[in-house]
Each structure stands twice: as structure tokens, then as C-alpha cells.
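The values are calculated or read from the model by the stated rules, or taken from the named source; none is laboratory data. Not measured: the values here are computed from a predicted model. Neighbour counts run over all protein chains shown; Cβ positions are idealised from the backbone, glycine included. Accessible surface areas use protein heavy atoms only, side chains included; no ligands, DNA or RNA. Shrake-Rupley method; radii C 1.70, N 1.55, O 1.52, S 1.80 Å.
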Amino acid sequence: MIDFSGKVLLLTGANGAIGRAIARLFHRHGAICVLTDLDEVGMADFARELDPGGRRALALRQDAVHAGDAEHVAEAAVARFGRIDALVTAAGLYRERLVGEMSEAEWRQSIAINLDGVFYSCRAAIPHLSEGGAIVNIASMAGHRGSYAHAHYAAAKGGTLSLTRSLALELAPRIRVNAVSPGLIEGPMVQPLIARKPELIPNTPMRRLGTAEEVAGVVAFLCSDLARFVTGETIHVNGGLHIAS
Amino acid sequence: MTGHAGKVVLVTGAGRGIGRAIADAHAEAGAAVAYLDHDAGLAEEAAAAAAARGVKSVAVAADVGDEASVNAAVAKAVETLGPIGILINNAGISPKSGSDGKRARLGEMSAAEWRRVLDVNLTGAFLCASAVVPFMRAAGRGSIVSVSSVAGKTYCDIVGVHYAATKAALIGFTKHLAGELGPDGITVNAVAPGRIDTPLMRGTAAEANEAVRLATPLRRLGSPEEVAQTCLFLTSDQAAFVTGQVCDVAGGWLMT
């Protein structure tokens, strides 16, 4: 039903668990994938594995905190493939720290990666996004409900949600802009949290962790024509945890 | 690929408009579809059109606000198509009985009209869910999508207080049932359409619809098919970990 044949995806944080799942799904639907990550070597290895011929995948280094990197990857995507049809910002940093013990540098680092980085990528992509294109920003349940010992992360994700809606207003009707807020997704990132609060799983209505593939499926929907009247929206992928007490 | 093949779907208010589009989209994705409508003729027509395309379908006439009527309709659907795995609560009314031809304001709205809107728009969802959830529990999976509205989240001049109240209530209904039924493997979500080009909408003055169009970032009204695609996504395997979600299909209007 979803067909991304010939569409160009620019994906940041593409070597993370969720990023890789998004890349695999879009590639399976026919997309050309421009994959960026801070981990240049790991990204290149993954891109080779995804698309051994290298015709539909391009791996690039991008440090989310550098505006110049965002410009560079957008230009490289356009130089190679002519345009950008979908931008998905999945780069992020999730560190644990209570506000009372948080250094200014820690605060700034989280905001820089999780919020500034989204701004840089969106701004860089705007001139190159094709008519009918889409942006999906990966936010987090933390952006809606706050997050104990992750205030910097939650603040940045809340900012990403507002940035998303504002961009939806600015870029309509040419480009749609939405967000996806994952909850607890299988992978190393949630292990310390589950260890400290094991009740999170029984408190989740679906009684389990989500998978990166399940996040990718929602991102694909929002980037597809199936969602062509959906903009400024945020979809939770958390098995109902956002409505649980 | 979407996981709809072989599933049985019950769509209320499926005779026309958004409901018909949702039912047809599920049919196209490979599901068997029960077209429920209070207008038997419209239900028959929609089901027959689906059958002509090779879809396993049945028409069921029912008043969703009436328990016996709903139970009889669900029994007929199950008998014909098998256990229901997907329920779409779409049936809804939005009376325009005000003295100016628009929705009645408080003071001119009768208690009878208030109750009728609650019966169809809200109690109907409760009665249908009550009737189909046992089948979903038995299967250990299922999904329910209710059609709410952006008018359930914020003030919308076009509709009456009864309509807004029921659409807001469907959001509470959705979130509560998502929590209650999650352990049974049942997802419960809602869509909140903005201004969609349907027969119901054409009952509204053209200038009111034009005002909404201009206030909608995508600068157009939506189509029933666009609402249907979001419903189809929410009932697909792709949205297996999405529950308790209310998804606007509103072109960015209000972004509530």
C-alpha cells in the first residue's frame, strides 16, 4: 500500500535502533535513503548491508549540534539524488541527570542535540523538499508528560513538538510536518529505566515494550500519501503508556 | 501486508460519507465488511457494491442508539461473516435545527434533540463495543476506532453543544477503553476529522465551510477517503503498538 519508489528520504540518527528500522522499512518500500549519523563508520557499514549496490543508500556523517553538517548533508542528498521528499529526524541523546545536579554543559548538550539539531536539519531541508513532501520529527513521551531525571531531554522533546506544529503552519500547504512520540521501545536506551521501574511494563496497557519496527511503521504512514490530510499531528507509539496512570 | 486480509470489520454509519469510505477502504485491503446503517437502503447499496467487487460483505440495518437493534445487527454480521475483529464507531448525527438554519444554540435546543445526539454519537459506540469486544477477547486481538472530531477538542462554531460533548466523550471513551482492553490485545484509538467534504457537511452554509478552508493550513477540505486511510492505518499491523491515540485528520486545522 505504501510505495516510496523513487522518493528520497533524508534520515538523521540513522544508525540508532529506531533509525535503522526506519531505514530498512523505507528501503523495502522503494525509497532512496540518505542516512546520517555521528558514527560515520557504523553508518557506512549499515548502509552497505542495507543496499550492497549503493544505488539507493548514501551514508554521511552528521553531528546534530553543527548547523553546517545539516547544510552539508542536505546539499549532498540533492547533489546525488536531485531533491528530498521526506526528512525524518531521529538523532537524539538520552542521559540521566537530576536537575539539581545538572551542569550547564549537560543541559546545553541535550538541548543542542535533541532540539537545535532538529531545527538545523529542518531549516537545511526546507529549500530542497519537494511539493507534497513530509517531515517527521521523532519526539518522545517525555515531551508530553515530562521525565524524571531527564528534564533536559524532556524539555528538548517538548520543544520539538512545538517546533513541529509551527513548521506545519509555515510549510503548509506544500509540505506536511508531523511528529512521532515513542514510549518504551526495546533496546539499550530503556534498560536502566526498566531496571529502576519494572512496573512500567505492567502499567502499559499493551503489557510489553514496543519495537523499533513499530515506530518505523508509524513514521512511514505519516510520510506516505495515506496521511496527506494529516499535518501538525503527533502520534504516540507506546502501547497506551501515555494514557496510563 | 496491512494484516487486514480475512479480518471481519463492522463499520457503523457505513451507508455514506466517511463511514462508507472507511468500510470500502477495509474491503479493498482484504477484509470482510459489515455495512451497518440506520438506512437499510443505503446499507444494502453499499454492501452490494462491495460484493460486486468480490468483497465478502453484508448489510445490517440498525439504530446504534438501541441496544436490541445493535445486538441483532452484530449477531447477523457475525453469522454471515464470522467473529468481528475490527469495529469502527462512525455513526453520528449533527442536527441543524436552529432558527437560523444552523445548529441550535443552548436555549433553543430541545432535551429530546440533546438525548438523541447522545444516543447515536456516544451510546452507540458503547453498545457496539459491548457487543463486539467478547469476540475480540476470545481471539486475543482486535481493534476499535471511533470517529471523534476536532469539535470534541475545542470550540467549533459550526456544531451544537450536543455534538461537541459527544465527540469529546468519545475521546475519554477511547482512552479509557485503551487502558481497559490493552491487556486483551485490543487497541482502541480515535480519529478527529476536521472539515471533511461529506453529505453531513453540505448541510452547513457554504461560507462557514469556506472560513474553515481558509483557516486550515493545507488550504482545503479533507475527503472521506483521507479519513478512511488513517482509520485503516490504525487498524493495521503497522499500528500494533498504537493505542489510546486520537489522530487529527484535519489538514492542520486547530492542531488541538
Looking at segment B:134-178, which of its residues are polar (S, T, N, Q) and under 14 Å from B:GLY244 (Cα atoms)? B:SER143, B:SER146, B:SER148, B:THR174
Taking segment A:40-56 and keeping residues touching a Lys or Arg at 6+ places or on another chain (Cβ under 8 Å), surrounded by 15 or more Cβ atoms within 10 Å (Cβ to Cβ) and farther than 19 Å from A:ALA124 by Cβ leaves A:PHE46, A:LEU50
So, restricting to helices (runs of 4 or more DSSP H) that lie completely within segment A:93-205, which ones have at least 1 residues that are out of contact with any helix residue (DSSP H, G or I) (no Cβ under 9 Å at 6 or more places or on another chain), under 30 Å from B:ALA215 (Cβ atoms) and of a type outside the set (S, T, N, Q)? A:151-171
Scan segment B:79-99 and give yes if some residue there is within 24 Å of B:SER149 (Cα to Cα) and part of a helix (DSSP H, G or I), otherwise no. no
Does A:ASN178 satisfy being within 25 Å of B:PRO183 (Cβ to Cβ) and either more than 8 Å from chain B (Cβ to nearest Cβ) or open to solvent by 20 Å² or more (accessible area, probe 1.4 Å) (or both)? no
Of everything in segment A:232-245, what is facing chain B (nearest Cβ under 7 Å) and of a type in the set (Gly, Ala, Ser)? Give them in sequence order. A:GLY232, A:GLY239, A:GLY240, A:ALA244
Checking A:VAL136 against (1) surrounded by fewer than 23 Cβ atoms within 10 Å (Cβ to Cβ); (2) away from chain B (no Cβ under 11 Å), only one condition comes out false. Which one? (1)
Residue in segment A:191-208 that is under 21 Å from A:PHE26 (Cα atoms) and not aromatic (Phe, Trp, Tyr) present: no
Within segment A:113-128, is there a residue that is touching a residue at least 60 places away in the same chain (Cβ under 8 Å), open to solvent by 10 Å² or more (accessible area, probe 1.4 Å) and over 26 Å from B:GLY252 (Cβ atoms)? no
Find the residue count for segment B:235-256, including only residues that are more than 26 Å from B:ARG103 (Cβ to Cβ) and either in contact with a Lys or Arg (Cβ under 6 Å, 6 or more places away or on another chain) or more than 9 Å from every other protein chain (Cβ to nearest Cβ) (or both). 2
Filter segment B:33-42 down to the residues that are surrounded by 24 or more Cβ atoms within 10 Å (Cβ to Cβ) and of a type in the set (A, V, I, L, M) and list them by number. B:VAL33, B:ALA34, B:LEU36
Tell me yes or no: at least one residue of segment A:224-231 is open to solvent by 10 Å² or more (accessible area, probe 1.4 Å), more than 8 Å from chain B (Cβ to nearest Cβ) and not in a helix (DSSP H, G or I). no
Please specify each residue of segment A:25-45 satisfying the condition of being farther than 20 Å from A:ALA139 by Cβ and in a loop (DSSP other than H, G, I, E, B). A:HIS29, A:GLY30, A:ALA31, A:ASP39
Please give the number of the condition A:ILE22 fails out of (1) assigned to a helix (DSSP H, G or I); (2) open to solvent by 10 Å² or more (accessible area, probe 1.4 Å); (3) within 30 Å of B:ALA27 (Cα to Cα); (4) not charged (D, E, K, R). (2)
Subset of segment B:6-31 [buried (at least 24 other Cβ atoms within 10 Å of the Cβ), touching a helix residue (DSSP H, G or I) at 6+ places or on another chain (Cβ under 7 Å) and more than 25 Å from B:GLY65 (Cβ to Cβ)]: B:ALA25, B:ALA27
Could you look through segment A:143-153, keep only residues that are surrounded by fewer than 22 Cβ atoms within 10 Å (Cβ to Cβ) and among the small types (Gly, Ala, Ser), and pick out the one that is farthest from A:MET102 (Cα to Cα)? A:GLY146
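Looking for something under 26 Å from B:TRP253 (Cα atoms) and crowded, with 19+ Cβ neighbours inside 10 Å - is there at least one such residue anywhere in segment A:198-216?
Scanning segment A:198-216, I find at least one residue that is under 26 Å from B:TRP253 (Cα atoms) and crowded, with 19+ Cβ neighbours inside 10 Å, so the answer is yes.
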